[in-house]
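First up is the structure itself, then whatever we jot down about it.
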C-alpha cells in the first residue's frame with residue numbers, strides 16, 4: 001500500500017548561506033560518513049547557516065533526509081545508514097544554473113532553491129577520491145575541502161607515497177600489488193615482501209577508516225592478508241612496519257591566501273592486544289581498545305617538526321580546506337609520514353576536531369571556519 005510522503009520541508013533560501021550537507025555514499029565507510037554528519041548537524045550554527053541534509057544511499061541514490069542528528073549516530077554498535085526515500089535530489093547540472101531540484105514519482109521536478117556551498121562528509125571511494133569533487137567543479141558549485149587532484153592523490157596510498165617522496169618527505173618502504181599480481185606469482189611477490197622486513201602492514205591502496213588492513217608477522221599469513229585487502233580494493237599496498245609512536249596532526253587551510261595552519265599533535269595508543277593496531281573496530285566499535293591523547297606528550301622541537309611535516313604534506317598534494325596527516329615518530333626522533341586523509345573523521349570525538357579543540361578552536365567554530373574557507377575560494381582553476 002502506497003503512502004503519501006509528508007510535506008516537503010526544506011529551509012528557505014534567505015540572507016544566510018545555504019549549506020548542502022552531503023553524506024553516506026557507496027563506499028565501505030558509509031556508516032562513518034553518517035556518524036560524521038550527525039556531529040556536524042548537531043553543532044553547526046543555525047543562526048549563521050541554513051542546512052539542507054542530503055544522503056547518498058549505498059546504491060548511489062541522492063535523497064533528502066531528516067535533519068535529526070540522533071538518526072546519524074553510532075549507538076551500541078549500530079551503524080547508521082541512508083535508506084532510499086521518495087524524494088530524489090538533483091544538483092545543478094551546468095555552470096549557469098544554481099538551483100537544487102527534487103524529483104518525486106508522478107510529479108514534475110521541483111526547484112527548492114540555490115545552494116551556496118556543499119559540505120561533503122563522504123569517506124572513501126566515490127566521495128573522497130576526487131569523483132564527487134569533479135562533479136561539483138563541472139557544476140561550478142563551491143564545496144568544502146580538497147579539490148580533484150588532492151582528493152585523488154590522498155585516496156591512493158601508492159600515488160600519495162610517490163608524490164610525497166618526490167617532495168622530499170619521508171615515507172616507509174613499500175611494495176604495490178596491482179590487480180591479480182599476487183595470484184599470478186605468489187612466491188615471487190612473497191620474496192619481494194620479505195625484503196621489506198617484518199612486520200609488514202597489508203592495506204587496500206584506496207580505502208580508509210583502517211578497513212581491510214592486516215599486520216603480518218609471519219609470511220605464511222601474507223596470502224590471507226592480501227585476500228582481506230583485496231575485498232576492499234584490487235590494488236594492495238604492503239609497507240614496512242615502522243617502530244614508533246603514532247602521531248596525528250590536523251591541518252586547516254589559510255584564509256585569504258595565507259599558508260595552512262597545523263594543530264597541536266595528538267597520539268594514538270592501542271591498549272588492547274586483540275587489535276594490535278588502530279583498526280576499524282578500535283576506531284569505532286571498541287572505545288576501550290585505544291587511548292587518544294591530545295595534545296601528544298612531545299618535546300617542543302618534535303611538536304614543531306611534526307607540524308612542519310604535516311603542513312608540507314598538505315602542500316605537497318595541493319590540498320585545500322582540511323586534512324589530517326598521520327605520522328610515526330621513531331625512537332631517534334625521525335618523523336615518517338604514514339598518510340594524509342583529506343576528509344578525516346569529523347564527529348566531535350574524532351581526532352581532527354579534538355586536536356583543533358586542544359589548539360583553541362572549538363568544534364562549531366571549526367565547522368564555521370571550513371565553510372568560510374569554501375565560500376571565499378573561487379570556483380574553477382585556482
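The values are calculated or read from the model by the stated rules, or taken from the named source; none is laboratory data. Predicted model only: the values in this text are computed from it and were never measured. Please note: Cβ atoms are built from the backbone with ideal geometry, for glycine as well, and neighbour counts cover all protein chains shown.
Conditions (1) in the same structural domain as residue 371 (by TED's automatic domain parsing); (2) over 30 Å from residue 96 (Cβ atoms); (3) assigned to a helix (DSSP H, G or I); (4) in contact with a strand residue (DSSP E or B) (Cβ under 6 Å, 6 or more places away or on another chain), marked per residue:
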site: 127; (1), (2), (3), (4): no, no, no, no
site: 134; (1), (2), (3), (4): no, no, yes, no
site: 149; (1), (2), (3), (4): no, no, yes, no
site: 161; (1), (2), (3), (4): yes, yes, yes, yes
site: 179; (1), (2), (3), (4): no, yes, no, no
site: 192; (1), (2), (3), (4): no, yes, yes, yes
site: 198; (1), (2), (3), (4): no, yes, no, no
site: 203; (1), (2), (3), (4): no, yes, no, yes
site: 211; (1), (2), (3), (4): no, yes, no, no
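Residues in segment 223-240 that are buried (at least 22 other Cβ atoms within 10 Å of the Cβ) and part of a helix (DSSP H, G or I): 225, 226, 229.
Rundown of residues vs (1) under 28 Å from residue 319 (Cβ atoms); (2) surrounded by 15 or more Cβ atoms within 10 Å (Cβ to Cβ); (3) in contact with a helix residue (DSSP H, G or I) (Cβ under 6 Å, 6 or more places away or on another chain), yes/no style:
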| site | (1), (2), (3) |
| --- | --- |
| 66 | no, no, no |
| 79 | no, no, yes |
| 85 | no, yes, no |
| 99 | no, yes, no |
| 114 | yes, no, no |
| 124 | yes, yes, no |
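Taking segment 225-238 as the range and being at pLDDT 95 or above and closer than 11 Å to residue 213 by Cα as the test, the residues that pass are 225, 226, 227, 228, 229, 230, 236, 237, 238.
If you go through segment 304-341, how many residues are part of a loop (DSSP other than H, G, I, E, B) and touching a residue at least 24 places away in the same chain (Cβ under 8 Å)? Final tally of qualifying residues: 9.
The requirement of being surrounded by 15 or more Cβ atoms within 10 Å (Cβ to Cβ), farther than 25 Å from residue 133 by Cα, outside the structural domain of residue 49 (by TED's automatic domain parsing) and in contact (Cβ under 8 Å) with a residue 24 or more places away in the chain is satisfied by residue 294.
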